[in-house]
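**Student:** Handing you this structure, nothing more for now.
The values are calculated or read from the model by the stated rules, or taken from the named source; none is laboratory data. Values in this document were obtained by computation on a predicted structure and should not be read as measured data. Ideal geometry is used to build each Cβ from the backbone, glycine not excepted, and the neighbour counts take in all protein chains shown. Only protein heavy atoms, including side chains, enter the accessible area calculation; ligands, DNA and RNA are left aside. Shrake-Rupley method; radii C 1.70, N 1.55, O 1.52, S 1.80 Å.
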Amino acid sequence: MAVAQVPGRRERNRQDKLDRITAAASELFAEHGVDDVTTQQIAERADIGAGTLFLYAKTKGELLLLVQNAKYDEALEHGRRAAAGSADVVDAVTALVTPIVVCNRVQVSNGRTYLREMAFGDPSEPHHARALAISGQTEQEVAEILVDRGGLDDGRAATLAHVVSAVVFVTMVSHVDPETTVTTVVESIRAQLEVVLPR
């Protein structure tokens, strides 16, 4: 039986700093929005030096990705479970993406910045790479729905899943008014999916 490795002091200290940075950035972004928060404020709330902060994330955009990636991971898992109960392709894909829309609209300006950073950020940065991986996992889930419930072959399903991803992305980005409800955004996505997905 393998014995679990206990992290050393250096690794525990690193994880503690990362946890403090994540909590500080999450709190400040939720309170003020990413545009109105400075990296110095995050460092101060995390009780670390600004130089140390940049060892964990090189830009404020990367800090937002760090904070939001875990939330998007959780949203995708909720969507996966919700989609499992739907036999209809459009219903299943809509169920899959709805928690992602909810996550994206908790703080609309942060959600838009997250999507911008995901699309245009530095792919060599680890938090950006993780955001792209979440997007890829979402497309994979859509493709599996299209194969299992839509009867498409793997290649066509993958291409159509990429189209669905674009529909969801553009629709979330285009609803800039914070008063726009999640229901309105999801209904807009669903109307487009009804045009492009097999029934």
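**Student:** Filter region 71-90 for residues that are in a helix (DSSP H, G or I), of a type outside the set (V, I, T) and touching a residue at least 40 places away in the same chain (Cβ under 8 Å); which is nearest to E117 (Cα to Cα)?
**Tutor:** If we take residues in region 71-90 being in a helix (DSSP H, G or I), of a type outside the set (V, I, T) and touching a residue at least 40 places away in the same chain (Cβ under 8 Å), then Y72 is nearest to E117 (Cα to Cα).
**Student:** Follow-up question, since we're still on this one. What's the total number of residues in region 21-35 that are touching a residue at least 24 places away in the same chain (Cβ under 8 Å), surrounded by fewer than 18 Cβ atoms within 10 Å (Cβ to Cβ) and part of a helix (DSSP H, G or I)?
**Tutor:** Summing the residues that are touching a residue at least 24 places away in the same chain (Cβ under 8 Å), surrounded by fewer than 18 Cβ atoms within 10 Å (Cβ to Cβ) and part of a helix (DSSP H, G or I) in region 21-35 gives 2.
**Student:** OK, next. Need the failing condition index for V106 against (1) assigned to a helix (DSSP H, G or I); (2) out of contact with any His (no Cβ under 8 Å at 6 or more places or on another chain); (3) closer than 26 Å to A43 by Cβ; (4) open to solvent by 20 Å² or more (accessible area, probe 1.4 Å), just the number.
**Tutor:** Every listed condition holds for V106 apart from (1).
**Student:** Another one. Considering (1) open to solvent by less than 50 Å² (accessible area, probe 1.4 Å); (2) of a type outside the set (D, E); (3) free of Cβ contacts under 8 Å to residues at least 60 places away in the same chain; (4) assigned to a helix (DSSP H, G or I), say which one I48 fails and leave the rest.
**Tutor:** Status for I48: all satisfied but (4).
**Student:** Regarding V97, is this residue modelled with pLDDT of 95 or more and out of contact with any Ser or Thr (no Cβ under 9 Å at 6 or more places or on another chain)?
**Tutor:** Considered against the rule, which asks whether it is modelled with pLDDT of 95 or more and out of contact with any Ser or Thr (no Cβ under 9 Å at 6 or more places or on another chain), V97 comes out as no.
**Student:** Additional query: Taking only region 109-151 into account, find how many residues are of a type in the set (D, E, K, R), in a helix (DSSP H, G or I) and more than 24 Å from V182 (Cα to Cα).
**Tutor:** Selection size over region 109-151: 3.
**Student:** Enumerate the pairs (first residue in region 180-195 and open to solvent by less than 30 Å² (accessible area, probe 1.4 Å); second residue anywhere and not aliphatic (A, V, I, L, M)) with beta-carbon separation below 6 Å, excluding pairs fewer than 6 apart on the same chain, so at least 6 apart or on different chains.
**Tutor:** That search, which allows pairs on different chains as well, returns V185/H175; V186/T98; I189/T171.
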